[in-house]
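Just so it is clear, none of the values below were taken in a lab; they were calculated from the coordinates. Bear in mind that the values here come from a model prediction, so they are computed numbers and not experimental data. Here the Cβ is made from the backbone with ideal geometry for all residues, glycine too, and neighbour counts use every protein chain on show.
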């Protein structure tokens, strides 16, 4: 689907044709930029009003990811100040606004590369001696979830590029199979040594093989370090704790929502039953069975070893410090 | 498929058209009974030899379930003694041997009903006050996995019949979806209030809702109480422990293999990758990705609250006592 404006942007996000918290923010804002390019408003005040309305609309497409909410807040602040500045013409307003959105793309990739470097270092530091690591990841946090490179998958890319990655295991990530479809695709494409497991095999895997660390992404990190991420993340964190495997969250600082004190305040999106009962149009569950389909869960800070951001790795209870860096 | 003899019996078990440890034993032995009905051997010695060979063949169809192995041992002992007894004609040998197999069907249902009653009592005893319970189960252990009624699902049926069941959650049970297909079917069919979740939601469920207990089946219980069951069981046991939810295994005493000291000695079957990468002929995983597909895992005795058998409920480290009852 070609995205021609915010209505298309909202749809591709809501229907999960674009997913992954950083990609949601970027695609949403780019859909606004496209719309503004075709906007012939001659009054800055009206342009500002339209921007505010459209940003609110875009944020409503998926409730759990925070990045688009923070991006919308920053863009609204920019629109307000451009509107207030009498030296800025309506054309300059438009141009500077669109340039600001375009720069988000570049910054996301730069941030991901920094996350990759910090994460690679943190995981190698857990090794008692020199050697290669084996990591497990969940869902998709790669090029298909960000502007490029990836967050958790960026860490894995960085380990691979440093010749320090022995193997990566990725979970299927039911019910939407982002692991089996997207992460597996990226890993095969880049020839990274990888094996797919179903979500219920994590404990058996940690018992059978040495896993150096788990690294996952985040949709929203609360001020106390509690982390909302793809359903199943909390379960993996419990299982990692049981096996003494370090558990890392990799996310840009824009995933940290200091307005939310703790994880129980994060709104968890519940999605249609059909995602669980069907593969495409093919029904895989017995007719008539009820389903519970939360898209995310919250991993308490106590189960997280470190939060890897573009500014460094933070213990979850010190994640607020990232905001002052 | 119509089962005409042990070759057909082996195939339906190996291809998982029949699954569930008790059902495997019964269908395997019944396939031998059918073959014997059409056997015109006039010598008991030859009949005994044929029985031994065919039992060994049947046991090889799936390596992890123990019930068929123990049933085969018992039937071989019977064949040996009928062969040795000079007062038994070849016709009487055949008749008594077939009758013995037929009685396994009846005994399995009786055992399951006893398991249901003991399990129901044990789970209700965990309640601090009078009320209803909410339980979680994994895989399928019902009428479609046994001769009838079921083991873990027998406990759930018994709770429902006693009007003590508030709700049951069943896991999808990837990669073969026995929960979504079979357990969900049985629950809908019997109008038992039930909700399907994907395997990765167990921790989120235990955090969000009060789960009274987990009850699962077993493919093989070692002498120390370690239990091999459907992949994902070990993970659920860890998550249950983390949330202080009692974790029960329901299995007939024929699932207990006293010849195996502990779980690490249980052979775990690995099945074809296609079970994970495809739904029917539809590919759901990225082409080229490697898979790990163990069908079972081992839950250590320390994570099990009790083993519910037809003779009573045993602490896992005392499960050997069941053999002397």
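Projecting label points 7 angstrom from Cα along Cα→Cβ for residue A:84 and residue A:96 puts them 1.2 nm apart.
Quote the FRET efficiency, to the nearest 0.05, computed for residue B:39 versus residue B:265 with a Förster distance R0 of 45 Å and r equal to the Cβ-Cβ distance. The computed FRET efficiency comes out at 0.80. If R0 is taken as 45 Å, the Cβ-Cβ distance between residue A:60 and residue A:166 corresponds to a FRET efficiency of 0.55.
From helices alone, chain A scores -13000 deg cm²/dmol at 222 nm; the rule is -39500 (n - 2.57) for each run of n ≥ 4 DSSP H residues, then divide by the residue total.
Using every pair of separate Cα atoms, the Kirkwood estimate puts the hydrodynamic radius of the stretch B:205-256 at 11.7 angstrom. Structural descriptor for the stretch B:164-256: relative contact order 25 percent, calculated from alpha carbon pairs under 8 angstrom and at least 6 residues apart. What Kirkwood Rh does the stretch A:17-89 have if only Cα atoms enter the pairwise 1/r average? Answer in Å. Hydrodynamic radius (Kirkwood, Cα only) of the stretch A:17-89 equals 12.8 Å.
Taken over the alpha carbons of chain A as equal point scatterers, the Debye sum produces base-10 log I(q)/I(0) values at 0.07, 0.12, 0.13 Å⁻¹ of -0.29, -0.81, -0.94. Taking all C-alpha pairs of the stretch B:1-53, those more than 16 Å from each other amount to 41 percent. The calculated P(r) of the stretch B:95-175, using every Cα pair and 10 Å bins from 0, goes 18, 42, 25, 11, 3, 0 in percent. Compared with the dominant Cα axis of chain B, that is its longest principal axis, helix B:233-242 is turned about 30°. Rg/Rh for the protein assembly as shown stands at 1.07; both radii use Cα atoms, and Rh follows the Kirkwood definition. Over all pairs of different C-alpha atoms in the stretch A:1-160, the reciprocal of the mean inverse distance, the Kirkwood hydrodynamic radius, equals 17.0 Å.
Neighbour counts of other Cβ atoms within 10 Å put A:69, B:265 in the fewest-to-most order B:265, A:69. With just the Cα atoms defining each centre, how far is the stretch B:247-325 from the stretch B:85-123? Give it in Å. Spelled out, the Cα-based centre of one part sits 24 Å from the other. Taking every DSSP beta bridge with both residues inside the protein assembly as shown, roughly what % is antiparallel (nearest 5)? In the protein assembly as shown, DSSP labels about 35 percent of beta bridges as antiparallel.
The alpha-carbon atoms of the stretch A:232-276 define a convex hull whose volume equals 136 cubic angstrom per residue.
Tell me whether the stretch A:159-291 comes out rounded, prolate or oblate; compute the Cα gyration tensor, take square roots of the eigenvalues as a ≥ b ≥ c, and use a/c under 1.5 as the rounded threshold. Oblate, since a/c reaches 1.5 and b/c is not below a/b. Going by neighbour counts of Cβ atoms within 10 Å, the residues B:138, A:278, B:167 line up, fewest first, as A:278, B:167, B:138. By how many degrees, 0 to 90 and rounded to 10, does the Cα axis of helix A:21-37 deviate from the longest principal axis of chain A? The angle comes out near 20 degrees. Considering all C-alpha pairs of the stretch A:136-229, those separated by over 15 Å amount to 59%. Taking every alpha-carbon pair in the stretch A:218-304 and binning the separations at 5 Å intervals from zero gives 3, 14, 20, 19, 14, 12, 10, 6, 1 percent.
With respect to chain A, whose longest principal axis is taken over its alpha-carbon atoms, helix A:67-84 is tilted by about 20°.
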